Amino acid sequence: MKIWCATGNPGKLREFRLAGELLDVDVEPLPDLKSIEAPEETGATFEENACLKAAYYSRFAPGLLFADDSGLEVDALGGEPGVRSARYAGEHATDEENNRLVVSRLGENSDRTSRFVCVIALAKGGEVVKTFRGAVEGQLLREAAGPAGFGYDPLFYYPPFGCSFGEVDGARKFGVSHRGNAVRAMLEWLSLNPR
């Protein structure tokens with residue numbers, strides 16, 4: 001089975017393809033994605049943004065397409081950065097700038113509880129078919145640890161591993177991550193509900 005993916009993020013695409021390999025699904029980036037004007041992400045939730053993107057991009061796909069919206073929620077920051085995770089320090093912020101800002105805003109707060117959340121929306125021909133949600137709980141570190149991963153991974157301490165997501169390889173992280181949980185749920189659903 002082949003399914004199209006609407007992401008320009010190479011880290012996300014790598015993880016989605018890894019899940020596809022494990023479940024014998026060919027995950028391919030939407031052809032010419034860069035030439036398609038991106039929709040404005042106006043949703044207030046991960047679900048709203050994922051559905052908006054999937055419905056929009058699926059009009060350009062020759063079959064089923066999925067899009068995700070994901071990010072970091074920090075309890076002591078009222079759930080920030082949330083849906084603005086990729087743009088927390090500004091529209092064209094780097095991962096490093098976003099990481100610095102979230103650490104700065106959290107300061108010395110002892111409550112470091114945080115989670116990664118991912119919502120995947122599956123769509124075809126402009127209509128959302130189903131959504132899938134994944135999450136993973138952890139703690140926010142005071143400084144980045146590890147060169148692996150992307151986004152907030154080096155700040156996200158996962159207690160069962162005893163280290164940050166930035167200190168483990170992609171396959172190990174994907175086995176427990178928010179994105180891994182959401183994409184596995186989607187691919188398992190598709191195996192029971194072929195389209």
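Coordinate-derived values only; no laboratory data. All values derive from a computational prediction rather than experimental measurement. Cβ coordinates were reconstructed from backbone atoms using ideal geometry, including for glycine residues, and neighbour counts include every protein chain displayed.
Placing +1 on the Cβ of every Lys and Arg and -1 on the Cβ of every Asp and Glu, with nothing else charged, gives the chain a dipole about its Cα centre of roughly 400 debye. Diagonalising the gyration tensor over the Cα atoms of the stretch 1-118 and scaling each eigenvalue by 5 before taking the square root yields semi-axes of 29, 16, 13 Å, largest first. Over the Cα atoms of the stretch 24-183, the radius of gyration divided by the Kirkwood radius equals 0.99; this is the Rg/Rh ratio. Comparing Ala121, Ser104, Ala86 along the charge dipole axis of the stretch 2-192, the residue lying farthest to the positive side is Ala121, per the Cβ-charge model. The ranking of Ile120, Ile36, Ile3 from fewest to most other beta carbons within 10 Å of each one's beta carbon is Ile36, Ile3, Ile120.
With equal scatterers on the alpha carbons only and no solvent term, can you work out the Debye log10 of I(q)/I(0) for the stretch 127-168 at 0.15, 0.16, 0.21, 0.34 1/Å? Debye curve over Cα of the stretch 127-168, log10 I(q)/I(0) at q = 0.15, 0.16, 0.21, 0.34 Å⁻¹: -0.41, -0.44, -0.61, -1.20. For the pair the stretch 2-41 / the stretch 143-169, the C-alpha centres are spaced 23 Å from each other.
Would you kindly state how much longer the chain becomes between Phe150 and Ala38 on full extension, computed as 0.36 nm times their sequence separation minus their alpha carbon distance, in nm to one decimal? It would help to have the intermediate numbers written out before the result.
On the way: separation 112, 0.36 × 112 = 40.32 nm, distance 2.18 nm.
Extra length available between Phe150 and Ala38 comes to 38.1 nm.
Ordered by the count of other Cβ atoms within 10 Å of each Cβ, fewest first, Leu106, Leu72 give Leu106, Leu72.
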